[in-house]
Amino acid sequence: MKKGIFFGIALTAAMLMGLGTAQAKTQFVTIGTGGITGVYYPTGGAIAKMVNKKKKEYGIRATVESTGGSVFNINAVMNGDLEFGIAQSDRQYQAVKGMAEWKDKGPQKDLRAVFSIHPESVTLVAAVDAGINKIQDLKGKKVNIGNPGSGQRQNAIDALEAVGINFEKDLQAESIKASEAASLLQDGRIDAFFYTVGHPSGSIKEATSGARKVRLASVAGPGIDALLAKYPYYAKATIPVSMYPGAQNDKDVDTFGVKATLITSAKVPDEIVYAITKEVFDNFDEFKKLHPAYSTLTKKQMLEGLSAPIHPGAMKYYKEAGLM
Ligand code: GLU
């Protein structure tokens, strides 16, 4: 009897201790994404899902945060507020080199790349009644170029400048989040908006399926060609309009694009970055099914478009897997 009670207490104590260590070991990591109607938000969710399945093995619990986008995410990862973030490849390049929004702060030395994900294109969504067929038609219009933390803002400014439109003087520029732009366009409060995003995206679906007729306008021409020749991180792209049946387009739309990438900090432990990389790559077919924007992804492509040094935790996996 006594022995039985003692055994019971010992067992309970052991269980509690065991629980205590398991809890102390759980490491919480947050992935910064974008607006919930973009592709970053479900992408963060897909990555978190892959690693959370192995919570017992790794002791990692990943969660996702909706944010203002690429620039916000890079800054939050550099400040230590987030462990991971999704950011456009062009913004990764600029942050590493201390360009654009990082001109005053200088090169972000601790920025590390993990992998790249889906392609994103500079998408110009415009009301048909505003007479906008192409970026060159934006003069004098009310256009959302994006919130300051977003990736699209600088893409919009670059594209406008490339076609001779000054965003401060030649149009009425708005600085609102992409998640609000679709309803503002439908309500007639803006004529067009820029969004650098993967396709299909909830936001572009919302913008093109309302009562106000909307089309995807082209972002092309000699000025844009010169822009692409100048910057290594921009490349030609086309948006397949079949993804947006409500859009008033009869052929695919010419524009340029970048890639979505997963970034982190040199300060994030190797084992965490290794676990996330391994789970996404080892379960690649399952990962690819989580969003239609990943349909053409290959493992090899996921190592392209990275300007920051690859985090050692990710590198360990790429070497093991023979990808590097
Ligand atoms: N490319 C956008 C940005 O950097 C976000 C797109 C998305 O959320 O899918 O702000």
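Would it be correct to say that Val273 is in contact (Cβ under 8 Å) with a residue 12 or more places away in the chain, surrounded by 14 or more Cβ atoms within 10 Å (Cβ to Cβ) and under 22 Å from Gln136 (Cβ atoms)?
Details: in contact (Cβ under 8 Å) with a residue 12 or more places away in the chain: yes; surrounded by 14 or more Cβ atoms within 10 Å (Cβ to Cβ): yes; under 22 Å from Gln136 (Cβ atoms): no.
Criteria not met by Val273.
For Met315, state whether it is under 16 Å from Ile86 (Cβ atoms) and either more than 16 Å from the ligand (Cβ to nearest atom) or of a type in the set (A, V, I, L, M, F, W, C) (or both).
Details: under 16 Å from Ile86 (Cβ atoms): no; either more than 16 Å from the ligand (Cβ to nearest atom) or of a type in the set (A, V, I, L, M, F, W, C) (or both): yes.
Judged against the criteria, Met315 is not a match.
I need the full set of residues from the stretch 33-75 which are near the ligand (Cβ under 10 Å from one of its atoms) and small (Gly, Ala, Ser), in order please.
Step one: of the stretch 33-75, the residues near the ligand (Cβ under 10 Å from one of its atoms) are 33-44, 66-74.
Of everything in the stretch 33-75, those that are near the ligand (Cβ under 10 Å from one of its atoms) and small (Gly, Ala, Ser) turn out to be Gly34, Gly35, Gly38, Gly44, Ser66, Gly68, Gly69, Ser70.
Tell me which residues, restricted to the stretch 28-59, are among the polar types (S, T, N, Q) and open to solvent by less than 20 Å² (accessible area, probe 1.4 Å).
We begin by selecting, within the stretch 28-59, every residue among the polar types (S, T, N, Q); these are 30, 33, 37, 43, 52.
Across the stretch 28-59, the qualifying residues are Thr33, Thr43.
Inside the stretch 140-250, counting only strands (runs of 3 or more DSSP E) that do not spill past its ends, which hold 2 or more residues that are buried (at least 22 other Cβ atoms within 10 Å of the Cβ) and within 16 Å of the ligand (Cβ to nearest atom)? Quick ask: steps written out before the conclusion?
On the way: elements: 142-144, 172-174, 192-197, 214-217, 235-239.
Answer list for the stretch 140-250: 192-197.
Is it the case that the stretch 147-155 has a residue that's within 16 Å of Ala126 (Cα to Cα) and either touching a strand residue (DSSP E or B) at 6+ places or on another chain (Cβ under 9 Å) or among the aromatic types (Phe, Trp, Tyr) (or both)? Explain how you work it out, then say what you get.
Let us first name the residues in the stretch 147-155 that are within 16 Å of Ala126 (Cα to Cα), namely 152.
Adding the requirement that they be either touching a strand residue (DSSP E or B) at 6+ places or on another chain (Cβ under 9 Å) or among the aromatic types (Phe, Trp, Tyr) (or both) leaves 152.
The answer is yes; a qualifying residue exists.
May I ask you to list the residues in the stretch 53-108 that are basic (Lys, Arg), without any contact (Cβ under 8 Å) to a residue 60 or more places away in the chain and in a loop (DSSP other than H, G, I, E, B)?
Lys103, Lys105
Of the numbered conditions (1) surrounded by 22 or more Cβ atoms within 10 Å (Cβ to Cβ); (2) without any contact (Cβ under 8 Å) to a residue 12 or more places away in the chain, Met315 fails exactly one; give the number of that condition.
That leaves (1) as the condition not met.
Restricting the search to the stretch 100-139, which residues are open to solvent by 50 Å² or more (accessible area, probe 1.4 Å) and either acidic (Asp, Glu) or touching a Pro at 6+ places or on another chain (Cβ under 9 Å) (or both)? Spell out the reasoning first.
Of the stretch 100-139, the ones open to solvent by 50 Å² or more (accessible area, probe 1.4 Å) are 101, 103-105, 107, 109-110, 119, 129, 133-134, 136, 139.
Hits for the stretch 100-139 are Glu101, Asp104, Asp110, Asp129.
The values are calculated or read from the model by the stated rules, or taken from the named source; none is laboratory data. The structure displayed is predicted, hence computed values, not measured ones. Every residue, glycine among them, receives a Cβ derived from its backbone with ideal geometry; neighbour counts consider all protein chains shown. Please note that ligands, DNA and RNA were not included when accessible areas were found on the heavy atoms of the full protein model with its side chains. Shrake-Rupley method; radii C 1.70, N 1.55, O 1.52, S 1.80 Å.
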